1. How much of the accessible area of region 80-210, probe 1.4 Å, is carbon plus sulfur, in whole percent?
2. Order M250, M362 by their accessible area, 1.4 angstrom probe, all chains in place, largest first.
3. Out of the total accessible area of region 306-413 (probe 1.4 Å, heavy atoms of protein only), what percent is carbon and sulfur?
4. Given a 1.4 Å probe and every protein chain left where it sits, what share in percent of the accessible area of region 245-299 is carbon and sulfur?
5. Sketch the reach of a paramagnetic label on H197 as a point 7 Å from Cα along Cα-to-Cβ, and name the residues of region 235-257 whose backbone nitrogen lies under 19 Å away.
6. At 0.890 mPa s and 25 °C, plugging the Kirkwood radius over alpha-carbon pairs of region 276-327 into Stokes-Einstein gives what diffusion coefficient in µm²/s?
7. Under the 0.36 nm per residue contour assumption, what length would be gained going from the current alpha-carbon distance of I279 and E173 to full extension?
8. Expressed in nm to one decimal, what extension gain is obtained for the pair V85 and K97 from 0.36 nm per residue of sequence separation less their Cα-Cα distance?
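The values are calculated or read from the model by the stated rules, or taken from the named source; none is laboratory data. What you are looking at is a predicted structure, and each value in this text was computed from that prediction instead of being measured. Reconstructed Cβ throughout: ideal geometry from the backbone, glycine too, with neighbour counts over all protein chains shown. In case anyone asks, the SASA skips ligands and DNA or RNA and just uses the protein heavy atoms, side chains included. Shrake-Rupley method; radii C 1.70, N 1.55, O 1.52, S 1.80 Å.
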Amino acid sequence: MSETKNSERRIQEFLLLQRSSQKLNSILDLDVLLEEIVCDVAETFGYLRTGVLLKDDETDELEIAAVRGWTKNYHIKGDRFKIGVYGMIGHVAAIKKTYYAPDVTKDPYYQVSEESTRSEVDIPLIIKDRLIGVFSIQHHEKNAFDLERIELLETLASQIAIAIENARLFRGEKQERERIASELNEARKIQLHLFPHASPVVPGFNISGICLPCLEAGGDWFDYILLEDGRTGIVLADVSGKGMGAALLMSSTRSILRLVANQNLTPGDVLKKVNELLINDFPTSKFVTMIYAVIDSVDKSISIANAGHLYPVIYRESKSELLETESGLPLGINQYDYIEIKINLLKGEKLFFYTDGITEAMNKSEEEFETERLLKVLEKRTATPEIIINAVQEFTSGNTQSDDITVVMIEAD
């Protein structure tokens, strides 16, 4: 080979390594990555055919993952070969060393893959002494691979092995993210089904509520319970934490509360009994804050018990203020006797229950919405759960919602 052609070849080989390195570092889709590599090698060196075969650890076989130049009469993508049994690639996979056949017609391991192939080099793809596949290159001429070219292909093979491993890790992480997202989405569907689908009809009152989970599923929850004695229970709760774990704890708390609520107990006693049942079931460091109210439409009274939840806001006489209930211990921590209060609402007066997703909502300047802003919003006679949430979203505009947001309104009409 003349010095000029040799120089041109070296330049081509250098550019191949450079292009391949860029692709290997930028392409994380395994199928796309392998197709790019086999095509680039074939086009750069004029080899009739190139291929990457990946090891299937379960079957101890090699599978063609990407191929360029083979005809359908022989091998195509997806074909499999036993390691240590079939041809040169099987031999290379077994010994985990590069193997070169300058004349395949005389090689004891060669199995005919294409009639026109005359020389072939197969290189193991190895990560930390672990075989992950084989890089195979064939040529229509005898002795087509000199030592320098084989060394170049071995360098490329080591880059391919790393890229394959990275792509597999990325694919595994992507699949895991998709699995988690699917499970969270399913949990969200289940959770949304547990929320009330309509406001209860309670003579003398208008009742409405909204919950916006910050993730696919969350720990906030509100509910309306039609009690056997004709009264109506209203509950708003916040399970510590977020995501699926909080949603599961919320679901179990909901079931227990609904079971206890119809035992003709006062709101304080309901919380006490629910707490006793949760103490043994809840994981350490997990708890629920809850506010539970019972509406009596006969005398327009509302009895309220609070288990470590935020004080409600009451709107009356054109102003809003915190209704300081007894703030007891959150549920699921320790035994506690919950005290209740009883109030009456006149026409136009409102009572709001809410979670800390409202008051702790943060804008881009890391300022919280806080109770004072909530009270200002609720000073308006027309305030509703929708108006509160709109005010919070306007305040946090552009900032990701970091906690569940839940509001329930009880209005006397």
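1. Details: 3640 of 6850 Å².
With neighbouring chains kept in place, the figure for region 80-210 is 53 percent.
2. Sorted descending by solvent-accessible area, the residues read M362, M250.
3. On the way: 2380 of 5490 Å².
The computed percentage sits at 43.
4. On the way: 1280 of 2460 Å².
Carbon and sulfur: 52 percent of the exposed surface of region 245-299.
5. Backbone N within reach: 255.
6. Numbers: Rh = 13.3 Å.
Answer, rounded: 184 µm²/s.
7. Values: separation 106, 0.36 × 106 = 38.16 nm, distance 3.64 nm.
Result for the pair: 34.5 nm of gain on full extension.
8. So the extension gain works out to 2.8 nm.
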